[in-house]
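Peer 1: Below are the structure tokens for one structure; questions will follow.
The values are calculated or read from the model by the stated rules, or taken from the named source; none is laboratory data. On a predicted model such as this, the values are computed, not experimentally measured, just so you know. Neighbour counts run over all protein chains shown; Cβ positions are idealised from the backbone, glycine included.
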């Protein structure tokens with residue numbers, strides 16, 4: 001968009017709001033119009049697509065305080081939209097008149113030179129380009145004198161929800177941000193609540209400044225067995241009292257549908273974490289691990305024979321006080 005566009009286009013009229021409309025009113029008007037003229041709602045309608053683009057341009061400027069301030073200043077300077085020409089003698093509607101209205105009087109001590117920028121160079125577009133940090137036309141220059149400083153565009157926040165497997169393996173999601181449809185790549189191993197930053201996909205900058213970023217907060221839907229922990233996968237596996245006491249080897253399911261054999265050492269207490277290397281989340285730095293938490297299952301019902309055996313076992317180990325260490329540490 002050139003500086004002449006700013007002069008000729010009435011962004012307030014495009015959104016149907018008054019010039020003193022606050023940010024909330026501008027946003028409300030934009031959302032209503034964007035829904036009405038969105039290409040998905042008007043397939044094949046070139047007029048609706050052009051209108052959607054028009055209101056998008058208007059909102060991009062009016063929703064940014066710095067750009068809106070600059071736009072209002074340029075429109076006021078231009079008298080609300082008349083096209084300016086650079087008369088060779090500095091006559092009516094020339095640059096002297098423009099800047100005279102800005103600084104008072106006829107600006108007699110201001111001299112304008114027109115270096116060789118090619119045909120039509122040195123015109124209003126070039127002056128406006130200097131004022132707005134390179135936005136005024138085809139030629140880009142640094143802000144000079146009274147020029148506006150470059151401002152980075154604002155970041156835009158969005159949310160995305162992913163199934164657990166999609167979060168582990170990586171996926172793409174479709175987001176609608178400020179009326180724009182964006183395809184965003186979510187890397188493998190993203191955790192619930194993690195923020196993904198996509199550079200340059202936020203609000204446009206002003207004065208030649210860079211665009212802001214798109215910051216996507218990801219919600220990962222829970223899985224009945226697995227949980228994400230960075231690049232590692234966690235799961236809880238039940239074992240019997242006898243397996244934990246005597247030791248055993250069990251088969252554990254993995255997320256890819258296979259199984260791995262895991263050795264449970266004798267005397268493994270409930271809550272101990274056993275590690276299976278390389279069976280976690282695949283990443284560019286290599287796969288994470290599968291972390292298996294052992295949970296000793298206490299039987300709710302015992303047969304008469306099992307109960308007698310357990311009573312005999314308890315009697316044979318009754319001399320051991322398993323809470324002695326707890327009592328000692330509590331007394332400190």
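Peer 1: Just one of the numbered conditions (1) closer than 30 Å to residue 186 by Cβ; (2) surrounded by fewer than 14 Cβ atoms within 10 Å (Cβ to Cβ) is not true of residue 276; which one?
Peer 2: (2)
Peer 1: So how many residues does region 196-227 have that are within 22 Å of residue 52 (Cα to Cα), within 11 Å of the chain's Cα centre (by Cα) and in a strand (DSSP E or B)?
Peer 2: 1
Peer 1: Being loosely packed, with under 11 Cβ neighbours inside 10 Å and assigned to a strand (DSSP E or B): is that true of residue 249 here? Break it down into steps so the answer makes sense when it comes.
Peer 2: Numbers: loosely packed, with under 11 Cβ neighbours inside 10 Å: yes; assigned to a strand (DSSP E or B): yes.
Answer is yes for this residue.
Peer 1: Considering only region 253-267, state which residues are exposed (fewer than 10 other Cβ atoms within 10 Å of the Cβ) and within 12 Å of residue 239 (Cα to Cα).
Peer 2: Within region 253-267, no residue meets the criteria.
Peer 1: Just give me the residues in region 174-195 being over 24 Å from residue 32 (Cα atoms), assigned to a strand (DSSP E or B) and in contact (Cβ under 8 Å) with a residue 24 or more places away in the chain, in sequence order.
Peer 2: 184, 186
Peer 1: Run down 166, 160 and say which single residue is modelled with pLDDT of 85 or more, assigned to a strand (DSSP E or B) and either in the same structural domain as residue 233 (by TED's automatic domain parsing) or surrounded by 12 or more Cβ atoms within 10 Å (Cβ to Cβ) (or both).
Peer 2: The match here is 160.
Peer 1: Can you tell me which of 231, 309 is surrounded by 15 or more Cβ atoms within 10 Å (Cβ to Cβ) and out of contact with any helix residue (DSSP H, G or I) (no Cβ under 9 Å at 6 or more places or on another chain)? Step through it out loud before you land on a result.
Peer 2: Values: 309 fails: surrounded by 15 or more Cβ atoms within 10 Å (Cβ to Cβ).
Selected residue: 231, the only one of 231, 309 that is surrounded by 15 or more Cβ atoms within 10 Å (Cβ to Cβ) and out of contact with any helix residue (DSSP H, G or I) (no Cβ under 9 Å at 6 or more places or on another chain).
Peer 1: Of everything in region 244-289, what is touching a residue at least 24 places away in the same chain (Cβ under 8 Å), more than 36 Å from the chain's Cα centre (by Cα) and closer than 27 Å to residue 300 by Cα? Give them in sequence order.
Peer 2: Once the filter is applied, which keeps residues that are touching a residue at least 24 places away in the same chain (Cβ under 8 Å), more than 36 Å from the chain's Cα centre (by Cα) and closer than 27 Å to residue 300 by Cα, region 244-289 yields 244, 252, 262, 264, 268, 269, 270, 271.
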